[in-house]
Amino acid sequence: MVRIVNRHRILDRVRAFGTISRADLAKMTSIRPPTVSAVIRQLIAEGLVEEVGQGESKTGTGRPPIMVSLSRGKARMLGFEVSGTTLRAGACDLHGKVLADATVAFGPQSPEETAQRMAALGEEVLSSLGLGWRDMLGVGVALPGLVDTKNGLIRWSRPLGWRDVRLQEICEAQWARKTDVVNNAVAGGMAEHFFGDNGGCKTLVYLHIRFDVVEPCEGVKPQGPTFIRLAGGVIVDGEPYHGDFGAAGEISSLVPHPLQYMEESGGPDPHDTFDFEALFTSGDARAIAALDRSAQDIQAYVMHAINFLDPGVLVIDSDHPDLRNAVLARVKDYLAEDTIRAEVGETRVLVSTLGKFGMVRGAVVPALQRVFRLPRLN
């Protein structure tokens, strides 16, 4: 047991400091230097740690120490993001960097068919790196819906049409590796907390704005998006907050899409979000006014989240970056006028910089937590 504890303490210190010497590890952990050296040798043999050159001698005359860091450039985790339109896969190293990825169009299928599609896409990604499933320390799957992360159960996913699906069991039977299943917005929040520029804040709120949502109306599927769907991930003290029933962060109300507001104003209407985005970026007055109205609806949810949770950072992400940036600017303007926030402290409102594979990176965080003996995702 002592050996296991020492291993994880040392590995976590290497992760936290990035590059560190064996001597400094011994001082920080109060573990005997010979034990530190033995553990580091084992971690290097396992491909978790690597030597990265010489550091500076603290005495100025002694031998420079050999520095170590987490291994880079070798995939150890595989993450997936499943949505109603897209399937993404990414192989990540211990720093959460995506080394190889693939994206395919995807429509809702049965859980078993979805696992088969993920397995085929995962094998494509891994084979491009000369790796296989056995090389992975863990696999993560992020998807929309109410997720029981502890049991790997999808309680309900409206975009996928699933209810009470034991996806973890299905996936582990498919590729025989420990698999974590998480809500996509929670994955986004975890990615921002672990890999984003959040300044080490304790409480973080991640808000994903999905513009391309098509909802049935009276049994008839409309031609274009009619609503914006908001999804939130809440991180408290470095851990996702799920609530008693696993629904924390879920925003059930739908925000009217700017296309709806343009219809009300009269004149020719864009066909879809991409047409609307082109009009907006060109400075079309009707498009700007329509987005302003949607942004007002969104900022009401943002202010509720900020005032209830008092986060140090709020990160906004979206499937349409230009529209996201415009919403972000309007939210910041509104916050600047809020007298309560001026008194208690300013929440930093940031745009996500993790790109299209942010949720894929967040999906592998639970596996990384196990490697470094951080608090488990449950």
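Would you confirm whether or not segment 265-280 contains a residue that is assigned to a strand (DSSP E or B) and surrounded by 13 or more Cβ atoms within 10 Å (Cβ to Cβ)? No: segment 265-280 contains no residue that is assigned to a strand (DSSP E or B) and surrounded by 13 or more Cβ atoms within 10 Å (Cβ to Cβ). Looking across segment 51-93 at every residue that is surrounded by fewer than 18 Cβ atoms within 10 Å (Cβ to Cβ) and assigned to a strand (DSSP E or B), the one that is modelled with the highest pLDDT is identified as 86.
Is there a residue in segment 183-197 that is in contact with a strand residue (DSSP E or B) (Cβ under 6 Å, 6 or more places away or on another chain), surrounded by fewer than 23 Cβ atoms within 10 Å (Cβ to Cβ) and of a type outside the set (Val, Ile, Thr)? The answer is no; no qualifying residue exists.
Taking the conditions exactly as written (assigned to a helix (DSSP H, G or I) and crowded, with 17+ Cβ neighbours inside 10 Å), does residue 13 satisfy them or not? Break it down stepwise before answering.
Details: assigned to a helix (DSSP H, G or I): yes; crowded, with 17+ Cβ neighbours inside 10 Å: yes.
When the stated conditions are applied, residue 13 passes them.
Do we find a residue being outside any helix (DSSP H, G or I), more than 25 Å from the chain's Cα centre (by Cα), of a type in the set (D, E, K, R) and under 30 Å from residue 120 (Cβ atoms) anywhere in segment 24-41? Step through it out loud before you land on a result.
Residues of segment 24-41 that are outside any helix (DSSP H, G or I), as a first pass: 30-32.
Retained after the next criterion (residues that are more than 25 Å from the chain's Cα centre (by Cα)): 30-32.
Imposing the further condition that a residue be of a type in the set (D, E, K, R) reduces the set to 32.
Add one more test, that the residue is under 30 Å from residue 120 (Cβ atoms), and what stays is none.
Taking every residue of segment 24-41 in turn, none turns out to be outside any helix (DSSP H, G or I), more than 25 Å from the chain's Cα centre (by Cα), of a type in the set (D, E, K, R) and under 30 Å from residue 120 (Cβ atoms).
Contact annotation: residue pairs with Cβ atoms under 8 Å, 6 or more positions apart or on different chains, pairing a residue in segment 90-118 that is over 15 Å from residue 143 (Cβ atoms) with a partner that is among the acidic types (Asp, Glu) and outside any strand (DSSP E or B), are 99/93; 102/124.
Given 18, 53, which one is touching a residue at least 24 places away in the same chain (Cβ under 8 Å), among the small types (Gly, Ala, Ser) and outside the structural domain of residue 92 (by TED's automatic domain parsing)?
Details: 53 fails: touching a residue at least 24 places away in the same chain (Cβ under 8 Å).
None of the other options fit; the residue is 18.
Could you tell me whether any residue of segment 147-164 is within 24 Å of residue 319 (Cβ to Cβ) and within 17 Å of the chain's Cα centre (by Cα)? Within segment 147-164 (the criterion being within 24 Å of residue 319 (Cβ to Cβ) and within 17 Å of the chain's Cα centre (by Cα)), the answer is yes, since at least one residue qualifies. Of all residues in segment 56-75, those being touching a Lys or Arg at 6+ places or on another chain (Cβ under 8 Å), touching a residue at least 12 places away in the same chain (Cβ under 8 Å) and farther than 30 Å from residue 124 by Cβ number 3. Is at least one residue of segment 116-135 outside any helix (DSSP H, G or I) and buried (at least 19 other Cβ atoms within 10 Å of the Cβ)? So far as segment 116-135 goes, yes, one or more of its residues are outside any helix (DSSP H, G or I) and buried (at least 19 other Cβ atoms within 10 Å of the Cβ). Reported count of residues in segment 199-238, each being in a loop (DSSP other than H, G, I, E, B) and either at pLDDT 80 or above or surrounded by 22 or more Cβ atoms within 10 Å (Cβ to Cβ) (or both), is 5. Restricting attention to segment 244-296 and to residues that are in contact (Cβ under 8 Å) with a residue 12 or more places away in the chain and of a type in the set (D, E, K, R), the residue that is farthest from residue 332 (Cα to Cα) turns out to be 272.
The values are calculated or read from the model by the stated rules, or taken from the named source; none is laboratory data. Note that this is a predicted model, so its numbers are computed, not measured. Positions of Cβ are backbone-derived with ideal geometry, glycine not excepted, and every protein chain shown enters the neighbour counts.
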